[in-house]
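Since the structure comes first, as structure tokens, the remarks are kept for the end.
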Amino acid sequence: MKTKIPLVALAAFAISFWTSSLIAQQKKLPDFIANKLDAYIQKGMKDWRIPGMAVAIVKDDKIVFMKGYGVKKLGAKNANKNKVDENTLFMIGSNTKAFTASLITILQAEKKLRLRDKVTKWMPGFRLKDPLATKELMIEDLLCHRIGFATFQGDFVYWGSDLTRAEVIQKMQLITPARTFRRDWGYCNAAFVLAGELIPKVINKSWEAAVKEKILTPLNMNNTLMLGQDLQKANNKALPYTWANDQLQLLSINPINNLAPAGSMSSSVKDMTKWLRALINTGKIDGKQVLPRWAIRAICRPKSILGMDLRNKVNTHFYLYGLGLGINDRAGKLTFSHTGGVDGYVSSVMFVPEEKLGIVVLTNQDQHNFYNNLTDEIRDAFLGLPFQNHSNKSLKRFQRQQAKTKAKEKQWSEKIAQNNAPSLPLKAFTGAYQHEVYGAISLKLKKGKLQIRFSHHPKLIGHLEHIANNEFRCTFSDLAFGVEKTVFKIEEGKVNHLILRVSDFIEVIPYKFVKNK
């Protein structure tokens, strides 16, 4: 009992000091941040139906705002324990990529590898379908998305599947690239998996162990987790939700361990402020060089061109990509940022070194754009730009898209209700189908309806209902895969193949599965 008294007093003093310091700092903050941010966040959460959120801002190497909002789980009994706080964990999705890229650049700073090393130097058996890309592919190419794949190409094969990281890499050689090697930019999760799996070849440690040793431990990011199963076991975590069928629906935590170097990490805003400080200060924390200066500068160096926007009214002219980071100008200042999305979680990380500004927003609902809107509004306030109410504009676009989706689904439902028969009996559609990259799926009849089963997604089921003209509505049992149209091609009185689509969140490119003879 005696030991608790000084500890409590010390804690109270620390809280009081931090609060006084924060109040002093807030007097210097833009009006939107000091007086309106809290209300803006609460309104945005209500408008976008976000259960929980955490936000932090670093300015001039100090935390000037850090707060949790909402709840970790809807309907939980213990209200106090259910509140989101600064230590609540969220999956950060593709914000993992900057950690993976930094690990690689740290290893270069340690002279363990070089960004321009050929991938085959460390993984001699690696192949891509394009022989030139196989021969010339460098580690650097993996980290800036210029391997020739289109954005998300191949992700349906990997996302939520039972493939290992090694099998994900093996599948890459079967993909026909939709873009041109090293000329076109295409966001590629598998490329980061490959980058992560080079780590054991270089230093004989796993990607997750190396990130923890080289980055998390030096930065005292002790609350940050590397893998999805670690989050599943954590106590102070926000559970994932999505908006579907006009309601919030709880999802299972998707560990995506086979894509881990591309997106499996979980963190809190308190831990992420340490990461932001290191990024803003090129590896320095409290005057000490914790991470190699060159390593942080390297991930911020532009490698790929995404596009240009010459409309001066938006104060942004170019969009580039470094290593695991997006780069653009805003009101004449360089801005570095990335977003992350995993089932039920979306997040945003942004820093503006010239302003010594860093922002992190973590949320536990994946059907909204408020995480982006909020980050942009905070950035603009510090850059002296007028308040634009990004959320309202974005919400109207989202609602229009939702209305189109509902109209399409209503039209499908009306046609399904007409009970039009396909050109062949349902039995003729059953059987095994094959795709050169994915592998096998099978169609079976259950209670008079067709179901699709997937060889690499053993828990996933596609429930088919005939719309018209051999087109079926496919409702996936996993909400992340969406509700999409599956089209069958009939030739000479037999089913030849089907065209399968999943939600754009996973992959835009459709898959042609040919029916086995």
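The values are calculated or read from the model by the stated rules, or taken from the named source; none is laboratory data. Treat the numbers as computed from the prediction; the structure is a model and nothing was measured. A quick note on method: Cβ atoms are made from the backbone with ideal geometry, for glycine too, and the neighbour counts reach across all protein chains shown. With ligands, DNA and RNA removed, areas are computed over all heavy atoms of the protein, side chains included. Shrake-Rupley method; radii C 1.70, N 1.55, O 1.52, S 1.80 Å.
Taking first residues from the range 233-255 that are closer than 19 Å to K81 by Cα and partners that are among the hydroxyl-bearing types (S, T, Y) and part of a loop (DSSP other than H, G, I, E, B), the Cβ contacts under 9 Å between residues at least 6 apart in sequence or on separate chains come to N236/T88; N236/S268; K237/T88; A238/T88; P240/S252. Being surrounded by fewer than 20 Cβ atoms within 10 Å (Cβ to Cβ) and in contact with a strand residue (DSSP E or B) (Cβ under 7 Å, 6 or more places away or on another chain): is that true of D117 here? It is true that D117 is surrounded by fewer than 20 Cβ atoms within 10 Å (Cβ to Cβ) and in contact with a strand residue (DSSP E or B) (Cβ under 7 Å, 6 or more places away or on another chain).
Residues of the range 498-507 that are at pLDDT 95 or above and open to solvent by 80 Å² or more (accessible area, probe 1.4 Å): R501 alone.
Among the residues of the range 258-281, those identified as part of a helix (DSSP H, G or I), within 21 Å of A209 (Cβ to Cβ) and in contact with a helix residue (DSSP H, G or I) (Cβ under 6 Å, 6 or more places away or on another chain) are N258, L259, P261, A262, G263. The set of residues in the range 283-317 being touching a residue at least 60 places away in the same chain (Cβ under 8 Å) and polar (S, T, N, Q) consists of S304, N315. When I378, I359 are screened for being on the phi < 0 side of the Ramachandran plot, touching a helix residue (DSSP H, G or I) at 6+ places or on another chain (Cβ under 9 Å) and assigned to a helix (DSSP H, G or I), only I378 passes.
Can K73 be described as surrounded by fewer than 20 Cβ atoms within 10 Å (Cβ to Cβ), modelled with pLDDT of 95 or more, on the phi > 0 side of the Ramachandran plot and not in a helix (DSSP H, G or I)? If you could, list the steps in order and put the result at the bottom.
Working: surrounded by fewer than 20 Cβ atoms within 10 Å (Cβ to Cβ): yes; modelled with pLDDT of 95 or more: yes; on the phi > 0 side of the Ramachandran plot: no; not in a helix (DSSP H, G or I): yes.
No.
Restricting the range 372-422 to residues that are free of Cβ contacts under 8 Å to residues at least 40 places away in the same chain and of a type in the set (D, E) leaves a set whose member that is surrounded by the fewest Cβ atoms within 10 Å (Cβ to Cβ) is E414. Against the numbered list (1) open to solvent by less than 10 Å² (accessible area, probe 1.4 Å); (2) under 19 Å from the mean Cα position of the chain (by Cα); (3) of a type outside the set (K, R), L279 comes up short only at (2). N364 meets each of the listed conditions (1) touching a residue at least 24 places away in the same chain (Cβ under 8 Å); (2) in contact with a helix residue (DSSP H, G or I) (Cβ under 9 Å, 6 or more places away or on another chain) apart from (2).
Applying the set (1) assigned to a helix (DSSP H, G or I); (2) touching a strand residue (DSSP E or B) at 6+ places or on another chain (Cβ under 6 Å); (3) of a type in the set (S, T, Y) to S442 leaves exactly one unmet item: (1). Determine whether the range 165-174 contains at least one residue that is closer than 16 Å to V437 by Cβ, among the acidic types (D, E) and in contact with a Gly (Cβ under 9 Å, 6 or more places away or on another chain). So far as the range 165-174 goes, no, none of its residues is closer than 16 Å to V437 by Cβ, among the acidic types (D, E) and in contact with a Gly (Cβ under 9 Å, 6 or more places away or on another chain). Taken as a whole, the structure leaves L142 outside the set of residues that are part of a loop (DSSP other than H, G, I, E, B), in contact (Cβ under 8 Å) with a residue 12 or more places away in the chain and among the hydrophobic types (A, V, I, L, M, F, W, C).
P386 meets all of the listed conditions (1) more than 30 Å from T282 (Cα to Cα); (2) modelled with pLDDT under 95 but one, namely (1).
This table checks each residue for (1) at pLDDT 95 or above; (2) open to solvent by less than 80 Å² (accessible area, probe 1.4 Å); (3) assigned to a helix (DSSP H, G or I).
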| site | (1), (2), (3) |
| --- | --- |
| S21 | no, yes, yes |
| K43 | yes, no, yes |
| I50 | yes, yes, no |
| D85 | yes, yes, no |
| F90 | yes, yes, no |
| K97 | yes, yes, yes |
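Evaluation of E197 against the conditions (1) touching a Lys or Arg at 6+ places or on another chain (Cβ under 9 Å); (2) open to solvent by 30 Å² or more (accessible area, probe 1.4 Å); (3) under 27 Å from V502 (Cβ atoms); (4) in a loop (DSSP other than H, G, I, E, B) shows that the sole unmet condition is (4). So is D162 in contact (Cβ under 8 Å) with a residue 24 or more places away in the chain and open to solvent by less than 50 Å² (accessible area, probe 1.4 Å) or not? Criteria not met by D162.
Every residue, every condition in (1) of a type outside the set (D, E); (2) over 21 Å from K303 (Cβ atoms); (3) open to solvent by less than 50 Å² (accessible area, probe 1.4 Å), yes or no:
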position	(1), (2), (3)
T105	yes, no, yes
K121	yes, no, no
L128	yes, no, yes
F152	yes, no, no
Y158	yes, yes, yes
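Select from the range 321-347 the residues that are touching a residue at least 60 places away in the same chain (Cβ under 8 Å) and not in a loop (DSSP other than H, G, I, E, B) and list them in ascending order. Answer for the range 321-347, where residues must be touching a residue at least 60 places away in the same chain (Cβ under 8 Å) and not in a loop (DSSP other than H, G, I, E, B): Y321, H338, T339, G340, G341, V342, Y345, V346, S347.
Yes or no, residue by residue, for (1) farther than 23 Å from T242 by Cβ; (2) under 25 Å from the mean Cα position of the chain (by Cα):
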site	(1), (2)
V349	no, yes
P353	yes, yes
L357	yes, yes
V360	no, yes
L385	yes, no
H390	no, yes
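For the range 328-346, the candidate set comprises residues that are aliphatic (A, V, I, L, M) and crowded, with 21+ Cβ neighbours inside 10 Å; within that set, the residue that is nearest to M308 (Cα to Cα) is V346.
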